[in-house]
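Heads up, the thing below is written out as structure tokens.
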Amino acid sequence: MAELFRQGAGRLCLDFTRTLRHRGTDHAVEELPDGPSLSAWVAQCGPVAAAPHVVPAALVRDAQHLRESVFTLLVLARAGRPLSDAAEDTRERVNQAAARPVPTPSLDERGDLRWHADDPVIATLALVARDTLDLVGSPAAGRLRECADPACNALFLDASRPGSRRWCSMETCGNRAKKQRLRTV
């Protein structure tokens, strides 16, 4: 399967927030507009091997609202602000999603790890919510960064030793900045 969605932000919850590409710009792109796209994100980014292709529109809307609540909490944590600054429904949306069942691991007869969930979409969104709660409640929140590319604005976890990473991805945003710099020299 070809990868449709950007990954590599350092945490599942951060990759999930990247499904609203070019956030905060006039050309923001919703990458989860419908059930098939949400199902494709779960299949690509979640641990369960397959996700259903039929996802109700209400669940897509819930996933989009969860993504924005996750983003809000991450921005507050990045700024060192108390999470109580978020609206109660924002925190509650993430808490409720985190309370849902998550995929369960098991070993098959060959010793390979397999994941199962009765509803892979809801279970993967529960993982996203739990990952959010874990990240915002940990010292790693101090390593949250926003991509220096003004057309990107994606959040990522800076795992570099000096903590000075500027780009969400050197392959895309970093290279674009280098090319732009070379053109102006």
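A compact table of results
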| quantity | calculated |
| --- | --- |
| Chain lengthening between E31 and R78 when straightened (0.36 nm per residue, less Cα-Cα) | 14.5 nm |
| Proximal charge balance of A63 [Cβ under 14 Å; K/R count +1, D/E count -1] | -2 |
| Amide H partners (placed H, <5 Å) of R11, local residues excluded | L157 |
| For region 8-51, radius of gyration divided by Kirkwood radius, i.e. Rg to Rh on alpha-carbons | 1.01 |
| Computed over region 1-82, Cα set: Rg, Dmax in Å | 13.2, 40 |
| Orphan Cys of the chain, criterion: no other Cys C-beta under 4.7 Å | C13, C45, C173 |
| Whole-percent carbon and sulfur share, accessible surface of the chain, 1.4 Å | 54 percent |
| Summed residue charge, Cβ within 12 Å of S160's Cβ, Lys/Arg positive, Asp/Glu negative | +4 |
| Whole-number D in µm²/s for the chain (Stokes-Einstein; Kirkwood sum over Cα pairs; 25 °C, 0.890 mPa s) | 141 µm²/s |
| Filtered GluC sites (Glu not before Pro), region 1-88: DSSP coil and at most 11 other beta carbons within 10 Å | E3 |
| For region 28-75, Kirkwood radius (reciprocal of mean inverse C-alpha pair distance, Å) | 11.3 Å |
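The values are calculated or read from the model by the stated rules, or taken from the named source; none is laboratory data. Predicted, not measured: the structure shown is a model, and the values here were computed from it. All Cβ positions, glycine included, derive from the backbone under ideal geometry; neighbour counts span all protein chains shown. The accessibility values were calculated without ligands, DNA or RNA, using every heavy atom of the protein model including side chains. Shrake-Rupley method; radii C 1.70, N 1.55, O 1.52, S 1.80 Å.
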